[in-house]
Amino acid sequence: MTTETGLIVLRFSGVDHQSRQITLLVDRPGKLDLDVRLKTYDYRDNFSEVKILGDFNDFSFKTAKTMDRRSDGTYFTEFVTTAERFAYQLVGVKKGFFATGLGSGVTIETHTFNAGGDAVTAILSGSIDATFVGPNPTTNAFVQSHGAAIRVIAGATSGGALLVVNPSLTSPSQLRGKKIADPQLGGTQDVALRWYLKSQGFKTDTAGGGDVSVLPQDNSQTLIAFKQGQIDGAWVPEPWASRLIVEGGGHVLVDERDLWPGGKFVTTNLVVAAQFLKDHPKRVKALLEGLYQANAYINSNTADAQTLTNQAVGDITGKKLAAGVVTAAWPHMTFTLDPLATTLRASADHAHSLGLLANASLGGLYDLTLLNQVLQEHGQPAVSA
């Protein structure tokens, strides 16, 4: 049924993102009947080689990874994920809290991204409806869409970001002339690192120059580079900070909690597409109920939550974290539904001062209405933006 008249363009997409376009000239409102038939996909009879692509390589066919063929005819590959945060989405999915909250009529598709910038690209493109992401990518997405695309509906994690360095570096003054990595230019840890260095009197630039060379790169590359002595340290989130300590022999020079009042600052929020929130408020509330249950479970079942987290990491990457990494990382993080909005705004101010973010109003970024309904139903105090 259409109430529109004039020229209407219909676009259909199918396998391999192929699209077909049909142009209709509608002279009066009414019901339109279309019979759309999709051609059966042509598969090869034999597979001599299978490659995989995805978020980990920006869906590039050129860098698709060849999979190994097993004796039973299945294919296998392993790659490292450098997701900024891992506890909520993994424990929540693993224990079924999100599925239970959303109900049997809803199918959950989970995706793991290399960094926050990749996650917001996915939500801006409409590929996903919700994501756990850090404050700076959140702010960037809001600004890029002129405040139209996303809303923060809950907090997830506070803390869990550290500057881990070579044991020979024991004072911030020794950072001059050193190479320090972080996950992504303009990302949450990138802004935190540059702001800290500025507070210590050091100059940096986006080309890796200045008093301290800041090198944004994938966290997996950072771990390798640190072990090989190619970098002197890194400002990274958990579990990568603890991996640099446990596997790389580094030590903590700065725990970012020490730089914020009360030791609290947002490192992860739950963000949804604004249109999805508008169209499906009941599902969003159900998602928040699942998040509440995941939060309660994590905070009251520490040992089991750590085990589940590492199991889920193994399911995603094909390899669990080394013994002791999750245990070491856990105390650095606080799992909270409070989005700690004032710290996001402070981080945005830092990014603007560093020239990494345009000056823009963040009014309308938060919509905590449904979260506070969930909190009220559980007898918990409301949170504010």
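Per-residue answers, yes or no, for (1) aliphatic (A, V, I, L, M); (2) closer than 19 Å to Gly134 by Cα:
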{"residue": "Gly248", "(1), (2)": "no, no"}
{"residue": "Asp255", "(1), (2)": "no, yes"}
{"residue": "Leu259", "(1), (2)": "yes, yes"}
{"residue": "Lys264", "(1), (2)": "no, yes"}
{"residue": "Leu270", "(1), (2)": "yes, yes"}
{"residue": "Ala274", "(1), (2)": "yes, yes"}
{"residue": "Val284", "(1), (2)": "yes, no"}
| task | Filter region 331-371 down to residues that are under 18 Å from the mean Cα position of the chain (by Cα) and more than 30 Å from Ala207 (Cα to Cα), then give me how many there are. | result | 11
| query | Any idea which residue in region 120-134 is modelled with the highest pLDDT, counting only those that are surrounded by 23 or more Cβ atoms within 10 Å (Cβ to Cβ) and assigned to a helix (DSSP H, G or I)? | reply | Ile123
| Lone qualifier among Gly201, Gly160, Gly210 - being assigned by TED's automatic domain parsing to the domain that holds Ser353, within 23 Å of Ala351 (Cβ to Cβ) and in contact (Cβ under 8 Å) with a residue 24 or more places away in the chain | Gly160
| query | Just to be sure, is Thr317 polar (S, T, N, Q) and under 16 Å from Gly160 (Cβ atoms)? | reply | no
| query | Applying the selection to region 350-385, what residues are charged (D, E, K, R) and exposed (fewer than 14 other Cβ atoms within 10 Å of the Cβ)? | reply | Glu377
| said: Of everything in region 224-242, what is under 19 Å from the mean Cα position of the chain (by Cα), not polar (S, T, N, Q) and not in a strand (DSSP E or B)? Give them in sequence order. | reply: Glu238, Pro239, Trp240, Ala241
| When region 193-220 is examined, which residues are found to be polar (S, T, N, Q), buried (at least 17 other Cβ atoms within 10 Å of the Cβ) and part of a helix (DSSP H, G or I)? | Asn219, Ser220
| Limited to region 141-192, what total is found for residues that are part of a loop (DSSP other than H, G, I, E, B), at pLDDT 95 or above and surrounded by 20 or more Cβ atoms within 10 Å (Cβ to Cβ)? | 0
| Is it the case that region 333-340 has a residue that's touching an Asp or Glu at 6+ places or on another chain (Cβ under 9 Å), assigned by TED's automatic domain parsing to the domain that holds Ile153 and touching a residue at least 60 places away in the same chain (Cβ under 8 Å)? | yes
| said: List the residue pairs whose Cβ atoms are under 9 Å apart, where the first residue sits in region 218-236 and is more than 19 Å from Leu197 (Cα to Cα) and free of Cβ contacts under 8 Å to residues at least 24 places away in the same chain, the second is outside any strand (DSSP E or B) and aliphatic (A, V, I, L, M), and the two are 6 or more positions apart or on different chains. | reply: Lys227/Leu244
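The values are calculated or read from the model by the stated rules, or taken from the named source; none is laboratory data. This one's a predicted model, so the numbers in the text were calculated from it and none came from an experiment. Here the Cβ is made from the backbone with ideal geometry for all residues, glycine too, and neighbour counts use every protein chain on show.
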